[in-house]
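Novice: Let me begin by handing over the structure; questions about it come next.
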Amino acid sequence: MNKHVRWADGKKFEDKFIATLKKYGYGGKYMSPAWRAKPVFVQSFAPTSLVRAADLMDSPLVFLIDDVTVRTEDTNQAYDEITSGEYLDYMKKYVVGIGPWKDTVVPPTKGNLLATPSDLVAMAHARGLQVHPYTYRNENEFLHFNFRQDPYAEYDYWINDVGVDGLFTDFPASLRRFQEWTAKKKD
C-alpha cells in the first residue's frame, strides 16, 4: 500500500488510480473482450498495493521486482524472499505475472557479458505466471556485449532463448519492428 499518498476523503492511492482507470473504460479480466478493447496491465513494486488493487478490479496485475540489493518499499522484503517459490505461490493469487529487472534474471559479468540465466523464469512459468522483464533500451551503454550493440539480437535472446512472455522497453518502435520482422520470417 502506498503509505505516502492519501486524500482528504480517506481514499488511498490505489482507490483513486483504479477509479480513474474505470472512468476511462479500462478493465476486464486478462484477454477478455473488455480487456482486449482497452488493454491495461497495472504494475507495482509494492506487494500490498497489488493485493489492494486485486480487491478493486479484475484487470491483470504485474508484480515488479527490483535489483537483488533493493528491498520492497512496503513490506521491506529481500529479493531472495520475493522470488522464492513460496512467495510466488502467494502472489499468483493476485497477479498474472512478474516484472523483474532483466539483470536479475540473467546477471551480467564484470566484462558486460551475460552469465547463465537464473531459474526465475522457469519458477514463474511453473506457477502459471508470465514474465515481463524491464527495461530494454537501444543505447549502446545498456546493451550487453553479447548482442554486439544490436537491440534486435537482445530481443531475440530474451524471447526465444530465455523464454520471457513480454518486455518493457523505452523504445517500443524497435520492439514493434522486431515483432514485424520475426512474424514475416515465420510466414
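The values are calculated or read from the model by the stated rules, or taken from the named source; none is laboratory data. Remember, it's a predicted structure, so these values are computed and weren't measured experimentally. All Cβ positions, even for glycine, are placed from backbone atoms using ideal geometry, and neighbour counts span all protein chains on display.
Novice: Condition first: touching a residue at least 40 places away in the same chain (Cβ under 8 Å) and not in a loop (DSSP other than H, G, I, E, B). Now tell me which residues in segment 33-52 satisfy that.
Specialist: Scanning segment 33-52 gives 43, 47, 48, 49, 50, 51, 52.
Novice: Just a yes or no: is a residue in segment 136-156 in contact (Cβ under 8 Å) with a residue 40 or more places away in the chain and surrounded by 20 or more Cβ atoms within 10 Å (Cβ to Cβ)?
Specialist: Scanning segment 136-156 turns up no residue that is in contact (Cβ under 8 Å) with a residue 40 or more places away in the chain and surrounded by 20 or more Cβ atoms within 10 Å (Cβ to Cβ).
Novice: So, residue 62, is that one touching a residue at least 40 places away in the same chain (Cβ under 8 Å) and either part of a helix (DSSP H, G or I) or touching an Asp or Glu at 6+ places or on another chain (Cβ under 9 Å) (or both) or not?
Specialist: No: the conditions fail for residue 62.
Novice: Which one of the conditions (1) assigned to a helix (DSSP H, G or I); (2) touching a His at 6+ places or on another chain (Cβ under 7 Å) does residue 81 fail to meet, given that it meets all the rest?
Specialist: Going through the list (1) assigned to a helix (DSSP H, G or I); (2) touching a His at 6+ places or on another chain (Cβ under 7 Å), residue 81 breaks only (2).
Novice: Kindly indicate which of 129, 167 is touching a residue at least 24 places away in the same chain (Cβ under 8 Å), touching a Gly at 6+ places or on another chain (Cβ under 7 Å) and not charged (D, E, K, R).
Specialist: None of the others qualify; the one that does is 129.
Novice: Of all the helices (runs of 4 or more DSSP H) wholly in segment 111-187, which have at least 1 residues that are closer than 16 Å to residue 100 by Cα?
Specialist: Correct list: 120-126, 151-156.
Novice: Which residue out of 75, 69, 109 is touching a Ser or Thr at 6+ places or on another chain (Cβ under 8 Å), modelled with pLDDT under 95 and of a type outside the set (A, V, I, L, M, F, W, C)?
Specialist: 75
Novice: Within the group 30, 26, which residue is assigned to a loop (DSSP other than H, G, I, E, B) and within 24 Å of residue 162 (Cα to Cα)?
Specialist: Residue meeting the stated conditions: 30.
Novice: Name the one entry in 125, 132 that is at pLDDT 95 or above, buried (at least 18 other Cβ atoms within 10 Å of the Cβ), out of contact with any helix residue (DSSP H, G or I) (no Cβ under 8 Å at 6 or more places or on another chain) and not acidic (Asp, Glu). If you could, list the steps in order and put the result at the bottom.
Specialist: Numbers: 125 fails: buried (at least 18 other Cβ atoms within 10 Å of the Cβ).
On inspection, the qualifying residue turns out to be 132.
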